[in-house]
1. Can you give me the relative contact order of segment B:57-107 as a percent, contacts being Cα pairs under 8 Å and 6 or more apart?
2. By per-residue mean of other Cβ atoms within 10 Å, what is the highest-first order of B:69-80, B:501-512?
3. Quick one: which of A:164-176, B:118-130 comes out on top by average Cβ neighbours within 10 Å, and what's the full order, highest first?
4. Rounded, prolate or oblate: which fits segment B:248-337, taking a ≥ b ≥ c as square roots of the Cα gyration tensor eigenvalues, rounded meaning a/c under 1.5, else prolate when a/b beats b/c?
5. Can you give me the angle between helix B:171-180 and the longest principal axis of chain B, using Cα atoms only, in degrees from 0 to 90, rounded to the nearest 10?
6. For a Förster distance of 41 Å, can you work out the FRET efficiency between the beta-carbons of residue B:492 and residue B:442, rounded to the nearest 0.05?
7. Test of understanding: ordering B:367, B:497, B:436, A:436 by Cβ neighbours within 10 Å, fewest first, what list do you get?
8. Expressed as a rounded percentage, what relative contact order does chain B have, with Cα pairs under 8 Å and six or more residues apart?
Ligand SMILES: Nc1ncnc2c1ncn2[C@@H]1O[C@H](COP(=O)(O)OP(=O)(O)OP(=O)(O)O)[C@@H](O)[C@H]1O
Ligand SMILES: [Mg+2]
């Protein structure tokens, strides 16, 4: 959709504010809404709102047909119109900077300084706060109302310009030198000179030569004189200083407010960011834990399977009385489940069983070998039996068997046999026939004798004689022990 | 677009220009020259001569040839300027009926605005011929230091010439306008304008198309004419020493010496030596003839005129100091006026300002160009320049004791206004006379009186009790108005002060009318001249064919009839030329054309041509 000025409606007669008038003045030919937004400098929302209003007021009309290049048949006042437009553009450039209420009028107070609110804004972060309106470099004087009795549309001067001129003329006594020049206080002499030149173009009657200005000729001359005087005054640093300082202070206040707003926004943003980060860390940790849990689970499952496998093997081996294999399986299971007392007990019992069997086995084979007269070959088997199942018998036999080859081991075994015998006695489990015990003591005694402990050997011989009196072997031993 | 021209009405030369399609252009005169001598003469046959023709006959008709009338415009008879001109000029200066200065040429007395109007009228014609349309409005320049009476007189001259003078602007300002027009300059410049009769110095601040005059000063009676007088005096003295002859009373000799002096001066701008060679300058009653052969060197010239140059420099210095402008702040110095071609001036100006003067402007044309730009800027809003000029003189009123009380200081930008409260000085004073004055003197009568008016109907009260607020305002076009207000009663009276040009409204009105008549006459005589030339050409052609036609046609009665008719036409034509009557000549031209056609037909049918 394109828009065009409605030639029947005189914009000056409408209840517009400067911003709205400015937007209206941007409409040249048949621009699209987008084009107007582009040149208005006000952003789409505001501009569209204003265009709505202008359409409603009839100042603008919708054009459905595509824009045609404007026909060259312009009225003879074309030049004047162009000059007017130029003049107005200049004025409007000043308006483009935001409207500022006239000095002295109650200013709508913004949030008082120092109460910057550092809000913990909830995520997602709030939309970025609009930049605080910059303090314009130009000064805007509110025009007199459009229904002021002094306005005269028949003059060669746009009504809007008349309104501005009257507003300034009415406030001649109170305007600051900068306000006469339409300039925000500054120490920049160049800017002041430029502003004076622009003011001259607005007020000097020559700029309107040949037009009927009515009483506005006088108004403009007066304002020109004022602008000139203002320009002269502003050459003096002492005139500028307080005004510039005031503006500086205002700028500073704005800067501070802006700074505070920025800081608040930054703080809120930081907070939100921290929260986001903490959450992310949590999520990460949770994920890791899950992963670990799954891993543990996996390992546990595997372990349990292994353990079950070993236990099964052990049970099977046990069933087949292969206690060594069963013990091995239990040991393996225990390695996986070292805390499992049941397994440990079973391991220990099967291991003990396996050892006893092995010892029994070795002992019986040794006995057979001895029976067959291969006493020396039976020795390792007897030692093995003693190691696998250190019963008194096994130890005594082993000690007796190794006494010639290895007297030291023999003594060790003999001593172990004595300890075992003592323990067996204490427990009272084993009830040996005295002759068996006598034999055992003789074996131990011989071992002691071999190891050079004749005292101990004699002792055993004595004990043996006591159990089986007049035993030759005991006598022989006693004799040998005595000899040494 | 309507034609509005800019005219530089100079002391020596006048130049007219117009902005065509946004380009300021000088309009050449009929002779093709871009400037026209500001000279007016009345010939022996009472014919009005303007410009180059007037200049050419000046030597022989010195008494009836006006030059440098600008030095007298708007001046009072008792003024020193009028006195000086009276002393040095060959034409007769007389006192006018209103204390003004007038010039007697042959049997008539002319006011100065009138003689200036002759020049303006000529420029108007030049422009109209060039543009092919009427020119009714103009911007005319005056020296910046002109007072309001001089300005008003110039305006009146324009009015007499049939021009609506929409604005009088200052010459140096105009020059600056031409200098900066169309360029986006941001500069502070000095314009040094030394012409034939006046000197001006103006300082301007240019930027954003606004030409703001910061300060201006000058001397309205200092220019090439004064340099000429120095050289003339030296030549006359030397001539007297050599020959014992005093030529001071011989107007023709004086005029020749003046011309030669100026010529030599101009030569010395490029050469180091010049020879003033005036054969047969003087013949004694006893028929003894003297020739002038006087060498003149640049050094001598500079010696003779150094103090004049220094005067201009002193004015520059003073105005800079008054306006508190530092020379080092200036970006450019613009030289305007023919006199600035003099090497001594160029070097002194360069030395004083510490700047090499700008070479980009034509010293004879810039002022007119600037005037045309201002004209265009006023009537055509497409030309986007604005002039902020100042009032060169202080404006005030006479207060008790004959003192001058300034209300508007010199160098105040116009438009401007100022007011002051005065009290009555006598008991029961019911009226107060307000004398409006212009100038820089503390003594009221030493300043220029612009006008006076009486504020009456004051309350009767002891002296000092009635307070009158007097407000002066100067409008953009230089009009001064004064309003006086009785602060107690609020009673207010105001007048627009019309400076006096030396002519009353009645006189002006009559002059405007007679000038219109003159224009009609000029146009008629131009038309008659055209007809006459055509008639003479036709007569010659007819006469050429006459013998042949007679030979061919005299055999028949019809032929004889035709021949006698042709003779009649020739006769009437010759009478018509003598009669100076354009109307009857026009008819005869038609008859002549028919006769010639008939003759040609006869001759060609018989195959003789
Ligand atoms: N080449 C030159 N050298 C020296 N002087 C010259 C030269 N050319 C012109 N002049 C002098 O310049 C003067 C004329 O200058 P110009 O035409 O600028 O004056 P004007 O505009 O008529 O006078 P004014 O501005 O004072 O009213 C004459 O006095 C003339 O002698
Ligand atoms: Mg000049």
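Computed from the coordinates by the stated procedures, all read-outs in this text should not be read as laboratory data. What you see is a predicted model, and the numbers here were worked out from it, not measured in a lab. Here the Cβ is made from the backbone with ideal geometry for all residues, glycine too, and neighbour counts use every protein chain on show.
1. 35 percent
2. B:69-80, B:501-512
3. Highest-to-lowest ranking by the protection proxy: B:118-130, A:164-176.
4. Prolate is the answer for segment B:248-337, as a/c is 1.5 or above and a/b outweighs b/c.
5. Its long axis makes an angle of about 80 degrees.
6. Between residue B:492 and residue B:442 the formula returns 0.90.
7. A:436, B:497, B:436, B:367
8. Here the relative contact order equals 13 percent.
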